Amino acid sequence: MGIVFIGSHLGYPMDRTPLGGGAMVGLRLLRHWAASGVEGLTALGSGPEPPAPGVEYIRLPEGGAYDLVRLSEFEYARFCRDFEAATTDWLLARQDRLPPSATTVLVNDVSEGPTLARLAAAGYPIVSLWHVDVVDYFNKIYLYSLVPPQHLTGLYERCRRLGLAGAVPDLLRLIFEKQRETVALSDRLIVPSRAMAETLSRCYAGEAPGGRLGERTRIVPWGAFPDETPDPSQALVDELRARYRVGPQTSVLMTLSRIAPEKGIHLLLEALRLLEEQGRLEGRDVALLICGDASFMKGAAYFRRVRAAAASLRRVRVFFPGYLDAAAKKAHSRLAQLFVSPSVHESYGLNIVEAMQAGLAVLASDHYGVHDILDESCGLVVPYTSLAAAPRLLAAALEDVLGAPGRLAEMGRCARARAAGMPFSRAADAVLAACREVGEKQPLAG
């Protein structure tokens with residue numbers, strides 16, 4: 001059995017390209033399988049570099065070169081359609097070499113994926129990896145969670161029944177129709193958290209395209225990538241301490257992600273401003289490392305907003321180390337006592353797992369994947385009752401833990417041990433098993 005892995009963000013150097021967790025998971029899956037001797041792997045991506053040795057890599061669209069991290073929403077939508085058409089046509093033109101009877105299609109994206117209806121009609125079994133529930137993401141970032149996502153998918157279903165779906169702008173069809181198609185036509189849906197599975201069930205189980213959604217869904221937390229990076233030298237750590245003026249009494253907070261609205265960095269900065277305003281940081285030396293670079297689409301404007309908010313702080317010293325490769329991540333983690341993930345939307349939380357591997361206590365918002373990653377021994381979860389209340393809730397949690405360095409150190413030790421118990425290899429094996437299961441046409445139980 002062969003696997004054609006279609007991922008629009010494959011083929012980019014992830015040590016310097018802020019494309020997010022889905023791209024990294026796709027890269028790691030291919031490298032793990034290639035190193036494990038899995039044969040028959042073909043990858044279709046848009047980046048310039050083959051993702052793994054021993055994997056056939058096709059860059060599409062042919063002749064296309066996209067600077068993904070600089071595209072606007074509408075430019076990105078055009079890229080999605082170009083990649084969709086190119087990958088679908090490429091595979092259908094090669095059915096003699098990659099026959100549906102012996103090939104599973106693994107899609108790493110939803111909006112950016114191929115035309116699944118055409119591939120399914122040709123007989124290809126399909127496994128989809130859900131790095132983002134795009135309807136819920138759209139709801140939280142653009143509609144500010146004004147309505148539950150199931151109401152949006154229900155409204156779209158009614159539009160389809162009335163024959164009005166064609167009147168919906170293409171940008172919205174990439175969200176609603178592509179996600180609907182992926183639910184309907186995936187033989188298996190791989191989601192990284194229970195919360196995402198529950199949201200998809202609420203959105204689609206009642207009027208489920210494809211039926212039997214719960215039976216087709218597999219919950220596969222990604223876990224921790226292998227630690228292949230040497231420990232940083234003490235000289236490098238000392239140099240960073242001097243650069244950021246970190247002394248023995250400095251409380252160092254750290255975030256690490258693409259700098260994008262869904263990451264909630266503005267909420268963390270507002271929480272710190274509240275603590276300053278209320279005099280709750282008097283006598284404390286606090287530094288915040290905001291690691292990462294602006295994401296595509298809304299990232300540049302959001303980065304400007306974050307920098308302005310950071311500049312308004314008077315006691316907390318905020319630094320922007322930029323996008324860090326694996327070695328730099330490890331070195332910067334040596335400075336911190338607490339990793340903060342204040343996200344408005346997070347499908348899983350690979351950055352949280354990385355922080356846990358580094359032995360950091362974690363303070364995280366109550367997003368999709370957090371309960372599959374953290375427990376109270378290694379971190380705190382802050383539910384956002386509303387976005388307006390989020391800074392106040394974060395401020396209270398920060399004040400609680402910043403005054404307890406011994407507690408943070410113990411949480412960090414527990415976090416490292418917990419991360420060691422959830423290896424990425426387990427997830428890679430589960431995805432491969434799902435591909436083989438549908439490729440061999442094994443029926444669903446029941």
List the residue pairs whose Cβ atoms are under 7 Å apart, where the first residue sits in the range 70-88 and is at pLDDT 95 or above, the second is in a helix (DSSP H, G or I) and not small (Gly, Ala, Ser), and the two are 6 or more positions apart or on different chains. Thr88/Arg118; Thr88/Leu119
Inspect the range 283-293 for any residue being in contact (Cβ under 8 Å) with a residue 60 or more places away in the chain and within 21 Å of the chain's Cα centre (by Cα) and give the result as yes or no. yes
Can you name the residue in the range 230-259 that is closer than 19 Å to His367 by Cα and touching a Phe, Trp or Tyr at 6+ places or on another chain (Cβ under 6 Å) and is also modelled with the lowest pLDDT among such residues? Ile259
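Residues are listed down the side, and each one gets a yes or a no for (1) farther than 17 Å from Val132 by Cβ; (2) at pLDDT 95 or above; (3) of a type outside the set (A, V, I, L, M); (4) touching a helix residue (DSSP H, G or I) at 6+ places or on another chain (Cβ under 6 Å):
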| position | (1), (2), (3), (4) |
| --- | --- |
| Gly7 | no, yes, yes, yes |
| Leu19 | no, no, no, no |
| Met24 | no, no, no, no |
| His32 | yes, yes, yes, yes |
| Ser36 | yes, yes, yes, no |
| Gly40 | yes, yes, yes, no |
| Leu44 | yes, yes, no, yes |
| Gly47 | yes, no, yes, no |
| Ala52 | yes, no, no, yes |
For the range 431-443, indicate whether the set of residues that are without any contact (Cβ under 8 Å) to a residue 12 or more places away in the chain, more than 24 Å from the chain's Cα centre (by Cα) and either in a helix (DSSP H, G or I) or surrounded by fewer than 23 Cβ atoms within 10 Å (Cβ to Cβ) (or both) is non-empty. yes
Restricting attention to the range 34-57, report how many residues are touching a strand residue (DSSP E or B) at 6+ places or on another chain (Cβ under 6 Å), crowded, with 18+ Cβ neighbours inside 10 Å and outside any loop (DSSP other than H, G, I, E, B). 5
Here are the criteria: (1) closer than 24 Å to Gly22 by Cβ; (2) among the polar types (S, T, N, Q); (3) free of Cβ contacts under 8 Å to residues at least 24 places away in the same chain. Tell me which single one Gln357 does not satisfy. (3)
Report, by residue number, each residue of the range 142-170 that is in a helix (DSSP H, G or I) and within 21 Å of the chain's Cα centre (by Cα). Tyr142, Pro149
Give the residue, chosen from Gly369, Gly421, that is crowded, with 19+ Cβ neighbours inside 10 Å and small (Gly, Ala, Ser). Gly369
Among the numbered conditions (1) under 20 Å from Glu177 (Cα atoms); (2) of a type outside the set (S, T, N, Q); (3) surrounded by 14 or more Cβ atoms within 10 Å (Cβ to Cβ), tell me where Ala121 comes up short. (3)
Only listed residue being at negative phi, surrounded by fewer than 18 Cβ atoms within 10 Å (Cβ to Cβ) and of a type in the set (A, V, I, L, M, F, W, C), chosen from Ala184, Ala197: Ala184
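The values are calculated or read from the model by the stated rules, or taken from the named source; none is laboratory data. Only a predicted model underlies this, so the values are computations on that prediction, with no experimental measurement involved. Positions of Cβ are generated from backbone atoms using ideal geometry, with glycine treated the same way; all protein chains shown enter the neighbour counts.
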